[in-house]
Amino acid sequence: MQKVHSESDIDSIIKVHETKDISLAKKMFPVETARLARHLHSQLPGYYMTRLAALPNLANMLGVGGIYVKNEGERMELNSFKVMGGSFALFKFFQDKLGLSDDELSVDYLTSDECRKKTGIITFASATDGNHGRGIAWASKMLGHKCMIYVHSETSQARIDAIKAYGATVKVIPGNYDHAVHQCVVDAEKNGWEVISDTSWDGYTEVPTRIMQGYTTMLLEAQKQFSSQGIEYPTHVFVQAGVGALAASVIGFYAALCNGVNTPKFIVVEPNKAGCIFESAKEDDGKPHNVDGSLSTIMAGLACGEPSPIAWDILKENADVFMQVPDYVAARGMRILATPLKGDPMIISGESGAVTLGALYQLLTLPGNEEVKKYLDINQHSNILFINTEGNTDPKSFRQIIWDGADQVPAKFATER
Ligand SMILES: Cc1ncc(COP(=O)(O)O)c(C=O)c1O
């Protein structure tokens, strides 16, 4: 049974589960695969464990036990979690191509001339709304191969330049992200390129599954960081969604790890201009549903109108609440993180990275969300996990929001004077 609820500018769908079927999560996200991903990622140049930042003063202000932000804005030189997925898909591509065992797979070997002599130079291709393409470009260059990246016409120059900086060719496609995905597939087929897409479709699931598995390195890191603070699992996880691959990997990982015991409550957050996961939950027929149009939102990484079907399969079974919010919620999240309460660390977050904290703030400080709050049971014992999925990946937009106050909070939802 599901309920739709809309107040205080947050649209929420509460999914009341009779029981959760975690079998798919266990199949897709076994902990051994997460360990392999982390083992390989730890060999990457510049790898270190990103911070799990605690914001105790904000937690106190909002009346919750703990607010923890896994800061992927600090992920190597790439400012985003995305590289963890793309690089793992490339590792597995070469593992298959060369018939290597897990033990034989190493970054040292994959970057060697000996390896390239065996495989030849491969061209990897993908569509992106910025961060995934940057990660694939970086990983292709690091492994000594080529890269073609497809972006849509609304993609900012800063995001395009960041991809080109790693030697990739960038093609701009008229339309939105979903058009770029389709064109990339057509061109790759013609040219014999390997598609490394983070979204899935009928007959194309292996690579996107590996990308999702690659993201779980950050969750293994988070678990290590939680356990050093005496926390077994977070009680709630807020996670943002574009095509839903990140959300499915976070939610699938925890669902499999917890195995039905002390599983956190999962909240999926999207922009209300591109809420394809929300729409799928609302339709409630078990199938993914698209939204179309310009998908115009400041949350560039979340501007996707077509859910990844394999991600949706995990989300429909395991997510507890689906939310969609306006752009100013993300902008407020960015400002909260960048100008913290005294004693809390400063976190530089982009629009897509900050929306989940913005959503929590909106949920807890405005009236009208009682039903969702009651269902989520967020209280002074809750330890809530957020993933800051990107840092300042679009500096002009970042300045407009943080310095110039763009995407202002409407007066009726602003802090009272
Ligand atoms: C910064 C950022 N956060 C979140 C996401 C959402 O990931 P997904 O499309 O897998 O839902 C993206 C996707 O590009 C992103 O760039």
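The values are calculated or read from the model by the stated rules, or taken from the named source; none is laboratory data. This one's a predicted model, so the numbers in the text were calculated from it and none came from an experiment. Glycine also receives a Cβ, built like all others from the backbone with ideal geometry; neighbour counts cover every protein chain displayed.
Comparison of L24, L55, L40, L36 shows that the only residue that is of a type outside the set (S, T, Y), in contact with a strand residue (DSSP E or B) (Cβ under 7 Å, 6 or more places away or on another chain), at pLDDT 95 or above and buried (at least 17 other Cβ atoms within 10 Å of the Cβ) is L55. Checked against (1) more than 16 Å from the ligand (Cβ to nearest atom); (2) among the hydroxyl-bearing types (S, T, Y); (3) under 19 Å from Y68 (Cα atoms), Y375 passes all but a single condition, namely (3).
Within region 150-202, being part of a helix (DSSP H, G or I) and within 26 Å of H289 (Cβ to Cβ) holds for Y177, D178, H179, A180, V181, H182, Q183, C184, V185, V186.
For a quick check of your reading of the model, give me the residue pairs whose first member lies in region 389-417 and is more than 24 Å from R51 (Cβ to Cβ), whose second is modelled with pLDDT under 95 and aliphatic (A, V, I, L, M), with beta-carbon atoms closer than 7 Å and at least 6 apart or on different chains. Every condition considered, the pairs that remain are K396/A158; F413/L366. Pairs linking a residue in region 187-208 that is farther than 15 Å from A168 by Cα and touching a residue at least 12 places away in the same chain (Cβ under 8 Å) to a residue that is of a type in the set (K, R) and assigned to a loop (DSSP other than H, G, I, E, B), with Cβ atoms under 8 Å and 6 or more positions apart or on different chains, are D198/K82.
Of the numbered criteria (1) crowded, with 19+ Cβ neighbours inside 10 Å; (2) away from the ligand (no atom under 16 Å from the Cβ); (3) touching a residue at least 60 places away in the same chain (Cβ under 8 Å), the one Q225 fails is (1).
The single condition from (1) within 16 Å of the ligand (Cβ to nearest atom); (2) buried (at least 24 other Cβ atoms within 10 Å of the Cβ); (3) under 25 Å from H289 (Cβ atoms) that M218 fails is (3). Selection of region 271-291 for residues being in contact with a helix residue (DSSP H, G or I) (Cβ under 8 Å, 6 or more places away or on another chain) and either aliphatic (A, V, I, L, M) or more than 15 Å from P326 (Cβ to Cβ) (or both) yields A274, I277, S280, A281, G286, K287, P288, H289, N290, V291. In region 114-142, what count of residues is obtained for those that are in contact (Cβ under 8 Å) with a residue 24 or more places away in the chain, out of contact with any strand residue (DSSP E or B) (no Cβ under 8 Å at 6 or more places or on another chain) and surrounded by fewer than 24 Cβ atoms within 10 Å (Cβ to Cβ)? Result for region 114-142: 3. When S23 is tested against (1) farther than 20 Å from A354 by Cα; (2) touching a helix residue (DSSP H, G or I) at 6+ places or on another chain (Cβ under 8 Å); (3) polar (S, T, N, Q), only condition (2) is not met. It is to be established whether one or more residues within region 232-247 are within 14 Å of the ligand (Cβ to nearest atom), among the polar types (S, T, N, Q) and not in a loop (DSSP other than H, G, I, E, B). Taking every residue of region 232-247 in turn, at least one turns out to be within 14 Å of the ligand (Cβ to nearest atom), among the polar types (S, T, N, Q) and not in a loop (DSSP other than H, G, I, E, B).
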